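Report on one structure; see the data block that follows.
The values are calculated or read from the model by the stated rules, or taken from the named source; none is laboratory data. Just so it is clear, the model here is predicted, and its values are computed rather than measured. Cβ placement follows ideal geometry from the backbone for every residue including glycine, while neighbour counts extend to all protein chains displayed.
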Amino acid sequence: MHETYTLTEVRVDNYRTKTLIFDRQMLVQPGQFVMVWLPEIDEKPYSVAGGDPLALTVVAVGPFSEQLHRLQVGDRVWIRGPFGHGFRLPDSESSRRLLLVGGGYGVAPLHFLARKAIAAGHRVEICIGARTEQDILLSDEFVREGVAVRVATEDGSRGATGLITPVVDEAIHAETPDAVYGCGPNPMLSAVAVLSEAHGLPYQLSWEAHMRCGIGLCGACEVHELEAEGWLACLDGPVASSSIA
Ligand SMILES: Cc1cc2nc3c(=O)[nH]c(=O)nc-3n(C[C@H](O)[C@H](O)[C@H](O)COP(=O)(O)OP(=O)(O)OC[C@H]3O[C@@H](n4cnc5c(N)ncnc54)[C@H](O)[C@@H]3O)c2cc1C
């Protein structure tokens, strides 16, 4: 069932990304997602970027996301959820070192995860991959939280030049993490899975898939990169841990 949320703040994160902050909280874990409905337009999934208050980070790439960017403070949207399984932090009471790897809007749920991890006493580092310097999301916010940030851009405008994978490898060699967490395009996640396995590290990855119903009925969001056949991002994920990947 949809509930109505009123927009209270719009934060501009970069030239095509905004974070929409709503009037109340949702009990939700980093890595879970909600279905956002704009009547007579469409309904699409968005990862939660914060739960208290509910926040969604939206990259404007097409008709629906552009419509979300047009919303003003005071406007209402209809939201159902949260859905799916999110990221799990280590159970351990002692501080762990967590390595996060993000690309595109995937950096936003990882920022939510980092805040929870730090509050639980863990140490966090993030590797952010982006096309150009202008596409990098939330790097200053991570630094403010005390998170060490490594960056790679495809055009070399900031950080290492090229894909993020060699930077992740460097971070692992610099200090072995206790666990790896990833959110971003599926080819990036596949590379992170290979790298983590090569180093014998446990990992949790949030897989992207075309999603329609959001509740496991339509089967549109099967993730083919995983060995587990019929694994649905909406119901079984979107986060998969190394034990099933
Ligand atoms: C579980 C899940 C969580 C998601 N969480 C988020 C989120 O937190 N923030 C967010 O912005 N989107 C998120 N998405 C994507 C979102 O649901 C929409 O697909 C997206 O906003 C594009 O919709 P659109 O109608 O604006 O554009 P469309 O017409 O669907 O797409 C326009 C073009 O942009 C491409 N495209 C789609 N998404 C992206 C992207 N992020 N970057 C670059 N190109 C893209 C499409 O392949 C297409 O070519 C999520 C999707 C899933 C399945």
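Might you check whether a residue that is free of Cβ contacts under 8 Å to residues at least 24 places away in the same chain and either at negative phi or assigned to a strand (DSSP E or B) (or both) occurs anywhere in segment 4-11?
yes
Okay, residues lined up against (1) more than 20 Å from LEU138 (Cβ to Cβ); (2) touching a Cys at 6+ places or on another chain (Cβ under 9 Å); (3) of a type in the set (Asp, Glu); (4) at pLDDT below 95:
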site: VAL28; (1), (2), (3), (4): no, no, no, no
site: GLY74; (1), (2), (3), (4): yes, no, no, no
site: LEU89; (1), (2), (3), (4): no, no, no, yes
site: SER92; (1), (2), (3), (4): yes, no, no, yes
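For residues in segment 163-187 being closer than 16 Å to GLY104 by Cβ and not in a helix (DSSP H, G or I), which is farthest from the chain's Cα centre (by Cα)?
Checking each candidate, the answer is LEU163.
Sort through ARG70, ARG76 and tell me the only one that's in contact (Cβ under 8 Å) with a residue 24 or more places away in the chain, surrounded by fewer than 15 Cβ atoms within 10 Å (Cβ to Cβ), over 22 Å from CYS234 (Cα atoms) and over 19 Å from the mean Cα position of the chain (by Cα).
ARG76
Could you go through segment 102-124 and let me know if any residue there is aromatic (Phe, Trp, Tyr) and surrounded by fewer than 19 Cβ atoms within 10 Å (Cβ to Cβ).
No, there is no match, as no residue in segment 102-124 is aromatic (Phe, Trp, Tyr) and surrounded by fewer than 19 Cβ atoms within 10 Å (Cβ to Cβ).
Residue check: is GLN32 in contact (Cβ under 8 Å) with a residue 24 or more places away in the chain, closer than 27 Å to GLY216 by Cα and either buried (at least 20 other Cβ atoms within 10 Å of the Cβ) or assigned by TED's automatic domain parsing to the domain that holds ALA130 (or both)?
yes
Show me the strands (runs of 3 or more DSSP E) entirely contained within segment 27-104 in which 3 or more residues are within 13 Å of the ligand (Cβ to nearest atom).
33-38, 42-51, 54-59, 76-83
It is to be established whether one or more residues within segment 190-203 are in contact with a Pro (Cβ under 8 Å, 6 or more places away or on another chain) and surrounded by fewer than 21 Cβ atoms within 10 Å (Cβ to Cβ).
yes
Filter segment 189-208 down to residues that are closer than 23 Å to VAL34 by Cα and in contact with a helix residue (DSSP H, G or I) (Cβ under 8 Å, 6 or more places away or on another chain), then give me how many there are.
Residues meeting the conditions: 4.
If I filter segment 117-134 for residues that are of a type outside the set (Phe, Trp, Tyr), free of Cβ contacts under 8 Å to residues at least 40 places away in the same chain, in a loop (DSSP other than H, G, I, E, B) and within 16 Å of the ligand (Cβ to nearest atom), do I get at least one hit?
The answer is yes; a qualifying residue exists.
Within 14 Å of the ligand (Cβ to nearest atom), among the basic types (Lys, Arg) and more than 17 Å from GLY182 (Cβ to Cβ): does that describe ARG24?
no
What number goes with the only condition from (1) within 24 Å of ALA240 (Cα to Cα); (2) touching an Asp or Glu at 6+ places or on another chain (Cβ under 8 Å) that ARG158 does not pass?
(1)
Listed here are the residues, each with its yes/no results for (1) near the ligand (Cβ under 10 Å from one of its atoms); (2) without any contact (Cβ under 8 Å) to a residue 40 or more places away in the chain.
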| residue | (1), (2) |
| --- | --- |
| GLY182 | no, no |
| ASN186 | no, yes |
| ALA193 | no, no |
| TYR203 | no, no |
| SER206 | yes, no |
| ARG212 | yes, yes |
| GLU222 | no, yes |
| TRP231 | no, yes |
| CYS234 | yes, no |
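Being over 18 Å from VAL239 (Cα atoms), assigned to a loop (DSSP other than H, G, I, E, B) and of a type outside the set (Phe, Trp, Tyr): is that true of ARG212 here? Outline the logic, then answer.
On the way: over 18 Å from VAL239 (Cα atoms): no; assigned to a loop (DSSP other than H, G, I, E, B): yes; of a type outside the set (Phe, Trp, Tyr): yes.
No.
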